[in-house]
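Report on the structure given below.
The values are calculated or read from the model by the stated rules, or taken from the named source; none is laboratory data. Please read these numbers as outputs of a predicted model, since none were measured by experiment. Please note: Cβ atoms are built from the backbone with ideal geometry, for glycine as well, and neighbour counts cover all protein chains shown. Accessible surface is based on the protein model in full, side chains and every heavy atom, while ligands, DNA and RNA are left aside. Shrake-Rupley method; radii C 1.70, N 1.55, O 1.52, S 1.80 Å.
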Amino acid sequence: MTRIVFDTQAINKQRQNLADFDEIWVFGYGSLIYKVDFEFIECENAHISGFERRFWQGSHDHRGTVAHPGRVLTLSSIENTRCFGKAFKVKPSVFDHLDHREKNGYLRHKVAISLADTRTVQGLVYIASPDNEAYLGEASTQDIAKQIFDSSGPSGPNRDYVYMLADALRHYDEIDQHVFQIEHALNQLSKPL
Ligand code: BEZ
């Protein structure tokens, strides 16, 4: 299998030429639900169909290091399911920022985004697929939680990423068993013996 190298910025720039657009929608399913670090024209609660969040992507540059990678989210394709998130209408220049932020294995994919106000719009979503170098893949809830518990990187402790996401999902009355099970396992690891 051809594996995608760590820095996906150049590949993403070739995948879609965004220069022809005035505005583009981007779907966020991770930290973008609780923290946005770019300007946007419009923001809506949203979902995409056929995907679920999974802590299957290694993080060497945000929530871990090369020596001790953390675990961050990617999307897994699963039929008859949906993934809640937030959709942002942005200027094309925002993708320079996002491509850099998500360079550790994520590629932009075209996706239909269902907005909470009932509009469906075409947009882009970043997905880290199994053929990228940083991909870690499936593991038990316990093993994922332990790796997250033990990891920290330039963006802070890996566990904070899980806690902030879980809190944000509860805020929106969204149930995500994968995220909540890992949060529960992290709580168990935090308890004094
Ligand atoms: C996010 O929603 O924060 C996000 C997750 C993975 C890649 C890009 C964005």
The listed residue being among the acidic types (D, E), modelled with pLDDT of 95 or more and in a loop (DSSP other than H, G, I, E, B), out of D167, D143, D117: D117
The range 138-157 residues that are closer than 16 Å to N187 by Cβ, paired with ones that are open to solvent by 50 Å² or more (accessible area, probe 1.4 Å) and assigned to a helix (DSSP H, G or I) (beta carbon under 8 Å, 6 or more apart): T141/Q181; A145/Q188; A145/L189; K146/L189; I148/R159; F149/R159; F149/L189; F149/S190
Those residues of the range 147-160 which are open to solvent by 20 Å² or more (accessible area, probe 1.4 Å) and either within 13 Å of R54 (Cβ to Cβ) or touching a helix residue (DSSP H, G or I) at 6+ places or on another chain (Cβ under 7 Å) (or both), in sequence order: F149, S152, R159
Subset of the range 122-135 (residues that are open to solvent by 20 Å² or more (accessible area, probe 1.4 Å) and more than 25 Å from R71 (Cα to Cα)): Q122
Which listed residue is in a strand (DSSP E or B), closer than 17 Å to D37 by Cβ and aliphatic (A, V, I, L, M), from V72, V111: V72
Residues that are away from the ligand (no atom under 15 Å from the Cβ), open to solvent by 40 Å² or more (accessible area, probe 1.4 Å) and either within 19 Å of A134 (Cβ to Cβ) or not acidic (D, E) (or both), drawn from the range 8-45: A10, K13, Q14, N17, A19, F21, I41
Tally of residues being open to solvent by 20 Å² or more (accessible area, probe 1.4 Å), away from the ligand (no atom under 12 Å from the Cβ), assigned to a strand (DSSP E or B) and of a type outside the set (G, A, S) across the range 75-108: 6
Options S190, S151: the member that is over 16 Å from Y34 (Cα atoms) and modelled with pLDDT under 95: S190
